[in-house]
Structure formats: structure tokens, C-alpha cells
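J.: Okay, handing you the structure first.
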Amino acid sequence: MIRKIGVLTSGGDAPGMNCAIRAVVRAGLKYGLDVYGIMDGYKGLVEDDMFLMDRHSVSDIVNRGGTILGTARLREFKEEKVRQIAVDNLRKRGIEALVVIGGDGSYMGAKKLTEMGINCVGLPGTIDNDIASTDYTIGFDTCLNTICYCIDHIRDTTSSHQRCAIIEVMGNHCGDLALFSGLAEGVEMIITPDHPIPEEEIIDSLRKLHDAKRKRAIVVVSEKIYPNINEFAKKITVETGFEAKAEVLGRVQRGGTPSAFDRILAARMGAYAVDCLLEGKGGICVGMVDNKIVDDDIYQAVPRPRDKHPSMLRLIDILK
Ligand code: ATP
């Protein structure tokens, strides 16, 4: 049976990561394991920056966004010789297994470490909801609520000034944040990688709304669709009659107090990950599918196409 495990957060930070760390530490201690916190993701593994955690190390963190362990992106971790340094640092302390909280890039690092003899279990920590092996990632729900809060505020001024707001939200190449927030806000138009709308059609629809004396319009757009959203807003102003303003929500979306949903999701997944490591499993990622916590092989899970939510996409047209 294993005696020592580590936990790290990697890639972009996400609200709820701290709850996942807490669950791993508390579950690990419950089963008599030593649990090491590794600072700044894979960077801490390579630089030997890790410390033994106790139950107080994770007190009072459930309500904190970000990650108490820090996170980083370390490109060099793709090189086997760099990963070997990490493995040597772990072996020196007798750490036999890891919980890696991050996105699909972090999962690949976890899989490769498993192949080098350190069993790793991945937890989906990212606001983007872009991981196929789970219905929801840790941080998505909080981020979604933050976006809705921002749109509520923007709506007030957009209505008062009779403008058109073009609101760009995060999601990397996944449209879930735009789709879910757009539906939650009942906006006029939602543009995502799975629901693209040709530029002429957008302009035509907005012009019709303006001509029909609609007081305001809100358009939610996934990031990485328009290279210059301000230029796009200018074009809408010139061609539709609406005064259009681009609003790039930016990193305000990433931080903040995790929602209860994310906290519970993280707690369930963190405890499950420790169970997996105790069973000797590695190279897997944890997900929640139909409200059940499950695991899947990382190499199978990462390339699998994500659910494109056809029934929700249908709602865009039904409810507009
Ligand atoms: P997010 O979804 O928030 O971007 P992520 O985990 O996908 O999170 P990445 O920057 O893609 O973020 O990956 C995080 C880290 O994982 C990288 O900086 C690198 O250290 C490691 N990593 C990524 N891909 C690989 C790979 N193919 N092999 C080994 N390590 C990798």
C-alpha cells in the first residue's frame, strides 16, 4: 500500500481548486497517508518545492478562489529529461503517487509521469468546461455565475443608453461559458465555436432589431472568434444604427469565491482521487457524469469530442 502522495495545481487557476486540495489532504490523512503540497504545478516538482501538509494547511480555504499551492505553465515538462528530474525529486522523498488538478495539458503531464512510475490521477480544474470526461469541470459554475453577474450590470447601462453590447467571454476553444451564460441571460445572440453566425447575418439581425425599435441588444461571443472585437463593434455601429460597445470581461471571470456547486464537485472528486490512488490506479482522470463520480483513462478521455449540447443549442432559436 502507498504511504505518501502529493497534490498540485497546474495550468490556469480556477475557483474550487482549493476545495479539491482540501479534499485530497483531508481524505489522505484520514487513510493514514502523508500528503505533500507541491508549489506551482510541475515547476515545483522540477524545482523540488514541496512541503508536508497537515489538516490545518487546508483550514479556511474553501471560500478562496485561485489556488493556495500556486500554479504555472512549464513548457519544458514535455521533455522526458525534465520529467526525470521531477520523478527523482519525488522518489527522494518516497512520494509514490500524485493528484494533478488542472486542464487537459496538465492531464498529459500526469499520464506521462504515470508511465515513468508515479501513479497520477487528474482532476478537471478549469473554468473552460473543455474536458470531455466530465459533465462539469471545477470552476465552470463559479465562472458562469460571475459572467451572469457582469452581464446583469452591463445590461443596465446598455438598456439605459439604448446600445448594443458585444460581450466576449472566456472558454478557450469551448463555447460552454458563452452558451450557458447567454441562455441564462436571455440575450439576443450567442456566438460560439459550435454556434457560429456569419458576420453579415449578425449585422442584418441587429439592424432589424434596431429598425423594430428594440431598445437594446446583447450579444455574447466566445473568445478567440474575433481577432479584434473592438473593430467588430465599430462595424456594427456603422452598419446597424445601434451604438455598439465591446466588453471583454477578461480575468475577472477567473477569480472569486467558488460557488457551492464547485465546492461540492471538488470535494467529491478530491476524495475519489485518493480512493483511486489507494487502489493503485494511475493515468486516469476523474469526472462527474450524470451526477456520478467516475474515472477514465487519460489517453482515451482527452481526444474524445466533447458534448456540444444540441438541446441547448436548439433553445437559442426557440427562446430568442
Ligand atoms: P487550462 O485548461 O487552464 O489551460 P491546462 O492544464 O490545459 O489548463 P496547459 O498550459 O495546457 O494548461 O498545461 C499545463 C502544463 O501541463 C504545461 O505547462 C506543461 O507543464 C504540462 N503539459 C502540457 N502538455 C504536456 C505534455 N504533452 N506532456 C507533458 N506535460 C505537458
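J.: Counting only DSSP beta bridges with both residues in the chain, tell me the antiparallel percent, nearest 5.
T.: 25
J.: Also, I was wondering about something else. Quick one: accessible surface of residue 311, probe radius 1.4 Å, all protein chains present, in square angstrom to the nearest 10.
T.: 80
J.: Helix 140-160 versus the longest principal axis of the chain: what is the Cα-based angle in degrees, 0 to 90, to the nearest 10?
T.: 20
J.: Also, quick follow-up: DSSP loop (so not H, G, I, E, B), at most 14 other Cβ within 10 Å: list which GluC sites (Glu not before Pro) in segment 46-111 pass both filters.
T.: Here the GluC sites (Glu not before Pro) that fit, given the DSSP loop and packing criteria, are 79.
J.: Compare 110, 23, 244 in a GNM of the chain, Cα atoms joined below 10 Å, and give the one with the largest fluctuation.
T.: Among 110, 23, 244, the largest GNM mean-square fluctuation belongs to 244.
J.: While we're here: Please tell me the relative contact order of the chain in percent, rounded to the nearest whole number, where contacts are Cα pairs under 8 Å and at least six residues apart.
T.: Averaging sequence separation for qualifying contacts and normalising by length gives 24 percent for the chain.
J.: Quick check: the angle from helix 104-115's long axis to the longest principal axis of the chain, C-alpha only, nearest 10 degrees?
T.: 20
J.: At q = 0.25 Å⁻¹, work out log10 I(q)/I(0) for segment 132-177 with the Debye formula, treating every Cα as an identical point scatterer and leaving solvent out; two decimals please.
T.: Reported log10 I(q)/I(0), two decimals: -0.94.
J.: At 222 nm, what value in deg cm²/dmol follows for the chain if DSSP H runs of at least 4 each add -39500 (n - 2.57) and the sum is divided by all its residues, to the nearest 500?
T.: Dividing the helical sum by the residues of the chain leaves -13000 deg cm²/dmol.
J.: Percent of alpha carbon pairs in the chain separated by more than 26 Å?
T.: Summing the P(r) of the chain above 26 Å gives 48 percent of all pairs.
J.: Would you mind telling me which residue in 171, 105, 44 has the biggest mean-square fluctuation in a Gaussian network model of the chain, where springs connect alpha carbons within a distance under 10 angstrom?
T.: Checking each option, the largest mean-square fluctuation is seen for 105.
J.: Same structure, new question: Could you pull out the pairs from 4/111; 30/78; 235/308; 43/111; 30/281; 112/308 whose alpha carbons sit more than 23 Å apart here?
T.: Flagged as over cut-off: 30/78; 235/308; 112/308.
J.: Would you please classify the overall shape of segment 230-289 from the alpha carbon gyration tensor, given that a ≥ b ≥ c denote the square roots of the eigenvalues, rounded means a/c under 1.5, and beyond that prolate means a/b larger than b/c while oblate covers the rest?
T.: Prolate is the answer for segment 230-289, as a/c is 1.5 or above and a/b outweighs b/c.
J.: Percent of Cα-Cα pairs per 10 Å bin, from 0 to the last occupied bin, for segment 103-232, please list those.
T.: Pair shares across the bins are 12, 36, 28, 14, 7, 3, 0.
J.: Any chance you could check the Cα centroid distance between segment 94-153 and segment 225-259 for me, in angstrom?
T.: A separation of 27 Å, based on Cα centres.
J.: Loop only per DSSP, at most 14 neighbouring Cβ atoms within 10 Å: give me the trypsin sites (Lys or Arg not before Pro) in segment 1-94, ordered by residue number.
T.: 3
J.: Can I ask one more? Looking at the chain as a GNM with Cα springs under 10 Å, which of 13, 211, 88 has the largest mean-square fluctuation?
T.: 211
J.: For residue 11, what residues show an amide H to amide H distance below 5 Å, using hydrogens built from the backbone and excluding near sequence neighbours?
T.: Close amide H contacts, sequence-distant or interchain: 72.
J.: On a 0 to 90° scale, report how tilted helix 80-93 is relative to the longest principal axis of the chain, with both axes built from alpha carbons and the result rounded to the nearest 10.
T.: Long axis of 80-93 versus the principal axis of the chain: about 50 degrees.
J.: Let me have the relative contact order for segment 1-104, percent, based on Cα pairs under 8 Å that are six or more residues apart.
T.: Rounded, it is 43 percent for segment 1-104.
J.: Once the other residues with Cβ under 11 Å from the Cβ of residue 57 are scored (Lys, Arg +1; Asp, Glu -1), what is the net sum?
T.: Local net charge: +1.
J.: Mind checking which aspartates and glutamates have their Cα closer than 17 Å to the Cα of residue 215? Skip sequence neighbours fewer than 8 apart in that chain.
T.: The reachable aspartates and glutamates, counting only those whose Cα sits under 17 Å from residue 215, are 152, 156, 185, 188, 204, 239, 243.
J.: Also: Principal axis lengths of segment 1-105 from Cα atoms, whole Å, largest first?
T.: 37, 32, 20
The values are calculated or read from the model by the stated rules, or taken from the named source; none is laboratory data. What you see is a predicted model; the values in this text were computed from it and never measured. A quick note on method: Cβ atoms are made from the backbone with ideal geometry, for glycine too, and the neighbour counts reach across all protein chains shown. Just so you know, the surface numbers come from the protein's heavy atoms only, side chains and all, with ligands and any DNA or RNA stripped out. Shrake-Rupley method; radii C 1.70, N 1.55, O 1.52, S 1.80 Å.
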